[in-house]
Amino acid sequence: MSRVLVIGCGGVASVAIHKCCQVSDVFTDLCIASRTKEKCDRLAAALAPKTKTRITTAKVDADHTEEVIALIKEFKPDLVMNIALPYQDLTIMDACLACGVNYLDTANYEPENTDDPAWRAIYEKRCKEEGFSAYFDYSWQWAYREKFEKAGLTALLGCGFDPGVTQAYCAWARKHEFDTIDTIDILDCNGGDHGYAFATNFNPEINLREVSAPGSYWENGKWVEIPPMSIKREYDFDKVGHKDMYLLHHEEIESIAKNMPEVKRIRFFMTFGQSYLTHMKCLENVGMLSTTPVLFEGKEIVPIQFLKALLPDPASLGPRTKGKTNIGCIFTGKKDGKEKTYYIYNVCDHEACYKEVGSQAISYTTGVPAMCGALMLLTGKWNKPGVYTVEQFDPDPFLDALDQYGLPRSENRAPELVE
Ligand code: NDP
């Protein structure tokens, strides 16, 4: 019997909520809260006839800690699932601490306004000291560790697929497959086709910021940063086929490097088609990816937010998207004194996801792990006071839950990634 407050009602949250409603014996009471309450009401009305979970809805602007505190006091949840945007991570964590509630999210903190001078000063110092320049990093949320420890609360960070399941795969490989791991390559392939010339599969602002930034990887105890999209590989993905993929900075590299310091190299690759890259380059060249406000006909607008308004809503891609995703990790290392490679991954079908929960596979592969992470916290399998990422917990019950609730793992003991 547990009460869960879900903040956000976009593509990912909608899948997580569908999935919570399939596990009504654990998720007995859900409150769906977002800025736009009508979206929450529509989802609640659609799910009510199909589930025993009692669903209520609320309006909240999670940029304001007091609003989240008021809602928590009213609903009295055991867990808050933050599936809004990374901009709200800290305000929601503050509210959880103020009310004594556990916390979970799917993406690490970044500020909405990267021009804020106070934030920028800390960011620039971090870039110099750490050696990577992504706008997001774990330092802001790791700074809450002691507060969560003292309060006896658990905060589980980045519990989507990547970050999230990819770190459970790392913990699994370390526990079951290797004595020592030398390299980890995280491969994120979307073989889906939505028929638009250009669209992003999740929140456009977050997605385009991530993809247009410099790439970086971890090697021999330090970050190596490279120009955007400057390292390319081709890989033959199971059930998808040959795809070009590019090295990106990605948040789980930072936490894996900290929690698995023996690993010599950690990289992240994502597949992109030529059309996506050409559109993105063009938008970047004309300034449409900028987060700095510009004055347009007497009104301030943020170019990337305006672009978001023009692009298809990621949630609308569901009925149009065909094909599969394939996301996983290739490891090299040693077992019983012998060199070994191992690949663990999940293949997910866009159309099957849409049939089941009305969303495409990108939202599905993020929303299902968020539900499974919540399940780990609510059933006492992953509770320890503090702030944690997924690789810090036992991967076995989590991967079992993913197998059961729609993201089964596949394994290959002879993968080849040609350098
Ligand atoms: P969407 O843009 O589809 O949805 C965001 C939701 O958050 C909307 O319901 C929006 O409400 C709500 N929201 C935004 N700001 C606030 C606020 N201030 N207060 C309350 N609610 C707010 O995003 P996605 O569903 O695509 O992504 C959700 C999260 O998942 C993001 O953090 C994203 O980075 C992360 N993600 C993680 C992945 C992983 O593998 N780990 C992969 C993909 C995404 P409104 O409609 O009113 O604007």
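Each row is one residue, and each column tells you yes or no for (1) within 13 Å of the ligand (Cβ to nearest atom); (2) within 20 Å of residue 208 (Cα to Cα); (3) open to solvent by less than 60 Å² (accessible area, probe 1.4 Å).
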residue: 75; (1), (2), (3): no, no, yes
residue: 80; (1), (2), (3): yes, no, yes
residue: 85; (1), (2), (3): yes, yes, yes
residue: 100; (1), (2), (3): no, no, yes
residue: 104; (1), (2), (3): yes, no, yes
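Quickly run through the stretch 166-200 and pick out the residues that are out of contact with any helix residue (DSSP H, G or I) (no Cβ under 8 Å at 6 or more places or on another chain), open to solvent by 50 Å² or more (accessible area, probe 1.4 Å) and either assigned to a strand (DSSP E or B) or within 30 Å of residue 307 (Cβ to Cβ) (or both).
180, 193
Can you find a residue in the stretch 220-230 that is assigned to a loop (DSSP other than H, G, I, E, B), more than 16 Å from the ligand (Cβ to nearest atom) and either crowded, with 21+ Cβ neighbours inside 10 Å or among the aromatic types (Phe, Trp, Tyr) (or both)? Spell out the reasoning first.
Taking the stretch 220-230 and keeping what is assigned to a loop (DSSP other than H, G, I, E, B), we get 220-221, 227-230.
Now restrict to residues that are more than 16 Å from the ligand (Cβ to nearest atom): 220-221, 227-230.
So of that shortlist, the ones also either crowded, with 21+ Cβ neighbours inside 10 Å or among the aromatic types (Phe, Trp, Tyr) (or both) come out as none.
No, the conditions are met nowhere in the stretch 220-230.
Among the residues of the stretch 340-366 satisfying the criterion of being part of a helix (DSSP H, G or I) and of a type in the set (S, T, N, Q), which is nearest to the ligand (Cβ to nearest atom)?
First pass over the stretch 340-366, keeping only residues part of a helix (DSSP H, G or I): 350-357, 361-366.
Now restrict to residues that are of a type in the set (S, T, N, Q): 363, 365-366.
Working: 363: 6, 365: 7, 366: 4 Å.
For the stretch 340-366, the residue satisfying everything is 366.
Hey, can you tell me all the residues within the stretch 201-219 that are surrounded by fewer than 22 Cβ atoms within 10 Å (Cβ to Cβ) and either in a loop (DSSP other than H, G, I, E, B) or modelled with pLDDT of 95 or more (or both)?
The answer is 201, 202, 203, 213, 214, 219.
Determine whether the stretch 235-249 contains at least one residue that is among the β-branched types (Val, Ile, Thr) and either surrounded by fewer than 18 Cβ atoms within 10 Å (Cβ to Cβ) or within 16 Å of the ligand (Cβ to nearest atom) (or both). Spell out how you get there, then give the answer.
Applying the first criterion (among the β-branched types (Val, Ile, Thr)) to the stretch 235-249 yields 240.
Okay, now just the ones that are also either surrounded by fewer than 18 Cβ atoms within 10 Å (Cβ to Cβ) or within 16 Å of the ligand (Cβ to nearest atom) (or both), so none.
Checked the stretch 235-249: no residue is among the β-branched types (Val, Ile, Thr) and either surrounded by fewer than 18 Cβ atoms within 10 Å (Cβ to Cβ) or within 16 Å of the ligand (Cβ to nearest atom) (or both).
Do you know which residues across the stretch 40-58 are within 19 Å of residue 80 (Cβ to Cβ) and among the basic types (Lys, Arg)? Steps first, answer last, please.
If we filter the stretch 40-58 for residues that are within 19 Å of residue 80 (Cβ to Cβ), which is where we start, we get 40, 43-44, 53-58.
Hit for the stretch 40-58 is 54, nothing else.
Within the stretch 34-64, can you find the residues that are near the ligand (Cβ under 9 Å from one of its atoms), buried (at least 20 other Cβ atoms within 10 Å of the Cβ) and without any contact (Cβ under 8 Å) to a residue 40 or more places away in the chain?
If the condition is that a residue be near the ligand (Cβ under 9 Å from one of its atoms), buried (at least 20 other Cβ atoms within 10 Å of the Cβ) and without any contact (Cβ under 8 Å) to a residue 40 or more places away in the chain, then 40 is the only one that fits.
The values are calculated or read from the model by the stated rules, or taken from the named source; none is laboratory data. Remember, predicted model here, so these are calculated numbers, not experimental data. Cβ atoms come from the backbone with ideal geometry, glycine included; neighbour counts cover every protein chain shown. Note: areas computed on protein heavy atoms with side chains; ligands, DNA, RNA excluded. Shrake-Rupley method; radii C 1.70, N 1.55, O 1.52, S 1.80 Å.
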